[in-house]
Amino acid sequence: MRIFAMPLLLACLLLAGCTGSRGAEDKSEDTAGSRAEAQTLRIGVNGLPSSLANPFRGNGRPGIFVWSQLFDALTRLDEEGALVPALALSWEAEDATHWRLRLRPGVRFSNGQRFDAPGAAKVLNWLASPEGRRTVVGAELKAIERAWAAGPLDLRIATSEPDPILPKRLVSAWMVEPDLWRELGAEGFAQAPVGTGPFRLLRWDHRQRRVELVASRQSWRSTGWKRLSFIELPDAAVRTQALLSRDVDIAPVEIEEIDRLEERGYPVSVTGSMAVMSIAFRTEGDAASPLRDVRVRRALNLAVDKEALARLLLRGMGRLAGQPAARGVSGQDPAIAPYPYDPRRARELLAQAGHAQGFDLDIDILTNSLPADSLIYQAVAWQLGEVGVRAHLRVTSLPEYLRKLATNGWSAGAFGASWNAAPYNDAIRSMESFSCLRANPFFCDRALADRLVTAQRIGDDARREQALRAVGRGFHEAAPALFLVEQIDLFSYQKDLHNVTIANRIPAFETITRAAEARR
């Protein structure tokens, strides 16, 4: 039976298609006339970062919407996913564990302080400290042993082990103003941030759930906007209505809203998200889990019609997935085919594993974080039921999800998770997340982890690519997750906006322009 025979509710869904923190010297800028409104870019987002402007407690959306405008990293990804200079103009490996970076001259923080190699070293050394290691970014830069300045713009980094993709990892190392970070501490800095980005904080309005940024005169990244306004709108339909009523200029949108927007002439941008959507299997910490048997894990992969998910729920804009990397990600192997849809074989494997009558499976999920995610999860649960696996979806909050992910504190046997190569565009990141290399792994295949460690230490790009593809095949066969689809990002925006590009899953807000007639 195919997905279009799903229960009526899901079929209908398919057819339906307090005062805030304030910058220290900006109170006088809080009045704006119609001209200023035309020079304000209003962004509707599904959430604001719970850590405010502390950029080290996460490295993805929604935080990077705001952080990317306040701060710069040493490197960045362009709209093609290629690594390009940011605050570092160049980088080279002096040997397997030592790096040299030449920094961009003439850069200043929004408080006027100079950005230089000694300051960058302070930030990296904090991330390498015990306190820094406990942050998301510090944990991902765990190979950094120490950093130091060999000159005003000459930054050196030593790693504890070979890490050929260190320049990619540095995409997440936002350069905060180091002396202010030390003076205020992480919590204080989060409310009064200072960076080198094109904007600085004007107001964080917790009551209205919006963040106001104002252009920084100090930034090396020029912008034509006077202000950015981030407005939290968790509901996708509300974001679409805000676009249609011109209450926001640009926003991430949902699949079912595309027709309504395009009928009214609104552009819709579709880009790959560098992520494979999946349902991760928790095999560590639950000795009695049926998912510890690889036959069960493969059976669940065979039970789901992924082609129908991509065609019907993602409207043909997503691709089927069966490995840790999406197309365009370093390490992706085009020769690895997704698991076919074969419910008969799925039932056979379940019977061989001793589960002819199936079993109950709780699945924790986040919704409204990826296009059509709620519909996809419902479809998957229904199809698992067709082979006897009684899936129970449990929606959780983002803070609770992140806590469980960090500690492997799941009570559910499975949970929604992406093989997310962002922000590096490298399969190493997603493979590490589904391996014994995590601090508290939910899945651990020691042989696969050892092969991954070997692959990630290879300095030659071509050899490393082949090694990663081989490890990717190992993950396909081990089936630590129910691979679903390569996910996409959707943004829509006002018709008078131009130069809209998506880089590393977010619009490059500072380069967007508005048609001249709209500014008058």
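The values are calculated or read from the model by the stated rules, or taken from the named source; none is laboratory data. These numbers were taken from a predicted model, which means no experiment stands behind them. With ideal geometry, Cβ positions are generated from the backbone for all residues, glycine too; neighbour counts draw on all protein chains shown.
General remarks:
- Among the candidates Gly47, Gly17, residue that is modelled with pLDDT of 85 or more, within 25 Å of Arg239 (Cβ to Cβ) and not assigned by TED's automatic domain parsing to the domain that holds Val304: Gly47
- Test: residue in region 335-358 that is modelled with pLDDT under 95, surrounded by fewer than 20 Cβ atoms within 10 Å (Cβ to Cβ) and not hydroxyl-bearing (Ser, Thr, Tyr): no
- Test result for Gly106, modelled with pLDDT of 95 or more and either at positive phi or buried (at least 17 other Cβ atoms within 10 Å of the Cβ) (or both): yes
Conditions (1) in a helix (DSSP H, G or I); (2) at pLDDT below 95; (3) under 22 Å from Trp410 (Cβ atoms), marked per residue:
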position	(1), (2), (3)
Glu432	yes, yes, yes
Arg438	no, yes, yes
Gly459	no, yes, no
Ala467	yes, no, no
His476	yes, no, no
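- Scan of region 232-255 for residues that are crowded, with 21+ Cβ neighbours inside 10 Å and not in a helix (DSSP H, G or I), ordered by number: Leu233, Val248, Asp249, Ile250, Ala251, Pro252, Val253, Glu254
- Exclusive hit being more than 30 Å from Ala215 (Cβ to Cβ) and of a type in the set (Val, Ile, Thr), set Thr196, Thr159: Thr159
- Residue match in region 439-458 (condition: under 23 Å from Ala173 (Cα atoms), buried (at least 17 other Cβ atoms within 10 Å of the Cβ) and within 23 Å of the chain's Cα centre (by Cα)): yes
- Those residues of region 430-465 which are among the basic types (Lys, Arg) and under 20 Å from Val276 (Cα atoms), in sequence order: Arg438
- Filter result (among the small types (Gly, Ala, Ser) and part of a strand (DSSP E or B)) within region 121-169: Ala147, Ala149, Ala150, Gly151, Ala158
- For region 148-163, the candidate set comprises residues that are over 24 Å from Val107 (Cα atoms) and surrounded by fewer than 14 Cβ atoms within 10 Å (Cβ to Cβ); within that set, the residue that is modelled with the highest pLDDT is Ser160.
- Matching option when the condition is closer than 22 Å to Val45 by Cβ and not small (Gly, Ala, Ser), among Arg505, Arg473: Arg505
- Selection from region 249-293 of residues that are of a type in the set (Val, Ile, Thr) and closer than 21 Å to Asn504 by Cβ: Ile250, Val253, Val268, Val270, Thr271, Val276
- Flag: Ser411 matches the condition of being farther than 21 Å from Val276 by Cβ and at pLDDT 90 or above.
- Of all residues making up region 411-437, the number that are touching an Asp or Glu at 6+ places or on another chain (Cβ under 7 Å) and among the basic types (Lys, Arg): 0
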